[in-house]
Structure formats: structure tokens, C-alpha cells
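One structure is given below, encoded as C-alpha cells.
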Amino acid sequence: MRHIGTIAEQKQAERFVHFLASQHIEATLRPLQEAGYDVWVFDEERVATAREQLAAFLAMPDDPRFDVARGHQPRGARRFWPRSTSSDRARSINVRTEIFHRRGLSPVPVTWFFIGVSVVVTLLAHMPGWAPVISKLYFSGYFGTTFPEIRAGQVWRLVTPIFLHGGLLHLLFNMIWLYQLGGQIEAQESSRYGAVMVLVLAMLCNTGQYLVSGPLFVGMSGVVYGLLGYIWMMTRFQVGTRYILAQQTVMFMLVWLGLCLVGIIPHVANTEHVLGFVLGVAWGFVRSGGWGQMRRRRRWHKQLS
């Protein structure tokens, strides 16, 4: 589901959504906290058309072609957002001001904690005197599949490689994405949820990378790709989602993944990237109710055919 724009007046917003339904474009409305209504379109393939129609509507809202007889609406079309009261508006959240625009660090403390630990650990890793301590943060000191240190009780090694980075550019790249993606998840779900997601992704991605290529890997990239896959699915399938993710961002990250896989960008933990992305997509698909959304959309298209 994609946000395509905002209409100030409720009657006009309802009129436009009714018009979209007559054009076989399924849409809904969300009231904003201040004033107006966001228009959301369910079918990704019809987003461009819906945006063109909205631009035309905003330019000439009184154009008679937007007046659609009630009986013209296709059977089974999704009804627009119900009329809201002032209390409904107070409870609604404007995604444009909610995410990353609150003062202070309190909205995403877990994300900032992971960023802080990553910065400190990466800096200490480049100081020779800390080498004995840093060596205990790698997944293992041995190749193979026996997990000797972890079986001996050093279970933190399942997670701690994500805090190590190969250099400042590697660190900066991952921390920017961790803030943008992990911070958004923590703000929308909870700090506990965000922490669990990072830790689960870290353990699974690190284990997979170790089994494929051994212990010589570092970085948060697997987690970042997992967060990306999760938010991507939430923006596609969660009804009334507050998540924001541009398609250009997804394409950039997938192109980057492809360049790493073919070796144009060398010395990369590709297993972590791929496994993290797959896990994130699966997690987000289940969390967003993807199966139900796909069935509903199939019914919608069947009714229109």
C-alpha cells in the first residue's frame, strides 16, 4: 500500500476515493492529526495512475468527471476511511512528523545503544592494546562447524560480530541505515521489539556466515538487510501502515547486494546479506498479514474481471 497525496476536505477526499473505485483502483483514507486526509492506494501497479488522477483532481476538484454515481462503484470495492471525530484525529499519527522528528533521543534508545556500542567497539578494535579483548568478540577463532567457544559458554559471540567494522566508511554506512531502518521499527513497534529483531537477525546471520565461510567476518550489514526486508513488506501489505520506504531505496540496496554477489565489491559477507534480507522479508510478510492481503487483492481483481 502506497501513500499518494493529501486532500484537505473530507467530502472531497471521499469523493476522490469513490472516483478511484470506479476506475478499478482500490484506495482508502487516513485522517491526519492536524487537518486533511492522506490517500493510500493498495495496488502497487496502479500507484502512478492514481497519482496522475489525484494531480488532476487537485487542479480541478469541481470537474464533473469526478462525480461518480453511487451505483457505479465496483462490487466488493474497499470502503474509504470512516468519518472521524476530533478524538479520532487526536489518536491518529501523521507519519511525516512522527518518525525521526521528535526531540531528544528517547524515542529510539535501543537503536542509539546499538550505534554507540558499534562506534566504541570499532574504535577500540583499531587500538593494539585492546586486541585480546576484541578477539573475544569475533564469532570464533577456528574454522569448521563445531562452534568450540560458543559450546564452551561464550554465547555472546553469536551477536558481537555485528559491532565490529572494517573501517570508518563501513561503520558510517551501516550506522546510517541502522538509524533509518532500525529507528523506524523501534518508533513504530517498541524498543523491546526492535532489540529482539536486531538480536535474532544477528544470531541467525552470523551463524549462517560462519557455516559458509568461517569466522573472518564483521559488520551490521546482515541485520540492516533484514530490517530493510521487514519494512519493505510492511509498506506493501500492512493496512494503514505508518512505515515509510521509498522504492528507490529498495532498488539501491538490491543493486548493491547484486554488486557484492558478483564480486564487483569484494570482501563482503554475502551470506549475511542474503540471509538477512530473506529473513526480514519473511518476518515482515507474516507480521503484515501478507497472505490475507494477497487473498483479498485476488478477490478484488476477480470481482472486477
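The values are calculated or read from the model by the stated rules, or taken from the named source; none is laboratory data. Everything quoted here is computed from the prediction, not taken from an experiment. Here the Cβ positions follow ideal geometry from the backbone for every residue, glycine too, while neighbour counts run over all protein chains shown. Heavy atoms of the whole protein, side chains included, go into the accessibility calculation; ligands, DNA and RNA do not. Shrake-Rupley method; radii C 1.70, N 1.55, O 1.52, S 1.80 Å.
Calculated on C-alpha atoms, the gyration radius of segment 196-280 divided by its Kirkwood radius gives an Rg/Rh of 1.00.
Given a 1.4 angstrom probe, I'd like the percentage of the accessible area of segment 165-209 that is carbon and sulfur, rounded to a whole number. Carbon plus sulfur share of accessible area: 73 percent. What FRET efficiency would be calculated for the residue pair Ser191, Phe143, taking the C-beta separation as r and a Förster radius of 41 Å, to the nearest 0.05? Plugging the Cβ-Cβ distance into 1/(1 + (r/R0)^6) gives 0.65. In segment 155-305, inverting the average of 1/r over every pair of distinct C-alpha atoms gives 16.1 Å as the Kirkwood radius. Highest mean packing comes first when the peptides 4-13, 226-235, 52-61 are listed by Cβ atoms within 10 Å, giving 226-235, 4-13, 52-61.
Normalised per residue, the accessible area of segment 158-305 is 44 Å², obtained with a 1.4 Å probe and no contribution from ligands, DNA or RNA. Placing a pseudo-label 7 Å from each Cα along the Cα-to-Cβ vector at Leu172 and Glu52 gives an inter-label distance of 4.1 nm. Computed from Cα atoms alone, the Kirkwood hydrodynamic radius reported for segment 121-235 is 14.8 Å.
A Förster distance of 51 Å, applied to the separation of the beta-carbon atoms of Leu123 and Glu45, puts the FRET efficiency at 0.60.
In segment 234-297, carbon and sulfur make up what percent of the accessible area (probe 1.4 Å)? The nonpolar share, carbon plus sulfur, comes to 70 percent.
Suppose R0 equals 30 Å. What FRET efficiency, 1/(1 + (r/R0)^6) with r the Cβ-Cβ distance, do His24 and Met251 give to the nearest 0.05? According to the calculation, E is roughly 0.65.
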